[in-house]
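Taking it in order: structure first as structure tokens, then the write-up.
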Amino acid sequence: MQSNNDIYKEIRPYNDDEVSGAITRLVNDKEFINAILNYRFPQLSGVFGWLLTPLIKRFLISKWSNIKTVDDVQRQIAKYMHATIDHSCDGVTFSGLDNLDPNKSYLFVSNHRDIAMDPAMVNWCLFNNGFNTVRIAIGDNLLKKPCATELMRLNKSFIVKRSAKGPREMMKALGLLSSYISHSLETGNSIWIAQKEGRAKDGNDKTDPAILKMFYMDGRKQKIDFSEYMSQLNIVPVAISYENDPCDVAKAKELYQKETEGRYEKGEFEDIESIIQGIVGQKRRIHVSFGGVIGTGFETPESLAEEIDRQITTNYHLFPANYIAAGMSDSSVNEAEIARFNEKFVDLPEGVIAILKQMYAIPAQKKQK
């Protein structure tokens, strides 16, 4: 699509001809270089920062010199993912991909536990099984820094404008988003989007019908019946299960504070810290379960949300921690697993422990129902 007729320019990922420019902007972005310094060389970044900065820039320029296209970026990210998986988990398994067609595009509606790792794990499974990677829906609340926007749009992310002010601006933003999702699917590009805004910090995966209403805005404009239009989108529910959530204690503390004090103030860099913790923290085993393509027969957003929830609950992969937290017996539960789970609670207040247990218990309780 030519830029003079590019109605999605503000929200879409970068095209091939925009990759080099984005990389140049990143390499020259002071905050981005400082973030790398602080992360890789925390002891040296203060005093010797000025010395290391040109070295890091030169390193990035040479490392990224061969990255010219969106596919090049995806291959580079696959390398990083390989290293991340080696360091931070005990293996990734998946199911359900054999029922999908690599030549079709799908709208993957996924449960949401981790900001960066959820779409990354879906992509990892797709990439290694001959499927194209997805375009990723990301809230503009995570794009407060220009370098974050550059990185996300290089990685096939498109922007969900949550910060739109006023009903009219909001409707316009949602209409454009709905149209972009439909346009992506029609042009052979699969989409990943979370089943609701924000992570399910309490462990309860529930689809917000508002997301499905947004999908339908473009269908309503075309005067297509809800059930028929939604079946054209090839919606596939995805359940991502982490044996251990590296952000679990932080989530439990946040929920406890909301419970006891009625509110919780996010720190300035909290989202970035959650992203880093989610990537580098220990996750043990991960399972990604791809559900079945949803056909016709769902006349309302609520009934469709129920079907997505049903598939995610059914396909959620339970680990020992889930059974232990729910007080259920299972052959995978042993003394070592119980001791390991109880280690989480050291030095935590009772209220936080109760929330933490509930977080791991809910998937098992819902599945039992």
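Element breakdown for the chain at a 1.4 angstrom probe: carbon and sulfur atoms account for 53% of the accessible area.
Distance between the modelled labels on GLU186 and ASN141, one decimal in nanometres: 3.1 nm (7 Å Cα→Cβ projection).
The share of alpha-carbon pairs in segment 168-224 lying farther apart than 15 Å comes to 56%. Summed over qualifying helices (DSSP H, 4 residues or more, each -39500 (n - 2.57)) and divided by its residue number, the chain shows a 222 nm mean residue ellipticity of -16500 deg cm²/dmol. FRET efficiency for the GLU306 to SER331 pair, using the beta carbon distance and R₀ = 30 Å, is estimated at 0.45.
Compared with the direct C-alpha span, the chain from ASN34 to THR53 gains 6.1 nm at full extension, assuming 0.36 nm per residue.
Projecting the Cα atoms of LEU212, THR93, ASN38 onto the charge dipole of the chain (Cβ charges, centred on the Cα centre) puts ASN38 farthest toward the positive pole. Both the radius of gyration and Dmax for segment 65-197 are 15.5, 47 Å, in that order, over alpha-carbon atoms.
When the alpha carbon gyration tensor of the chain is reduced to an equivalent ellipsoid, the three semi-axes, largest first, read 31, 30, 20 Å.
Listed peptides 183-191, 115-123 appear in the order 115-123, 183-191 once ranked by packing, highest mean of other Cβ atoms within 10 Å at the front.
Rounded to the nearest 0.05, what FRET efficiency do THR296 and ASN5 give with R0 = 45 Å and r taken as the Cβ-Cβ distance? Could you check?
On the way: r = 33 Å, r/R0 = 0.74.
Once the sixth-power term is evaluated, E becomes 0.85.
Between the beta carbons of THR314 and GLU261, assuming R0 = 51 Å, the FRET efficiency works out to 0.90 to the nearest 0.05.
The values are calculated or read from the model by the stated rules, or taken from the named source; none is laboratory data. Because the structure is predicted, anything quoted here is derived from the model rather than measured. Note: ideal-geometry Cβ built from the backbone for every residue, glycine included; neighbour counts use all protein chains shown. Protein only, heavy atoms only, side chains kept; ligands, DNA and RNA dropped before computing areas. Shrake-Rupley method; radii C 1.70, N 1.55, O 1.52, S 1.80 Å.
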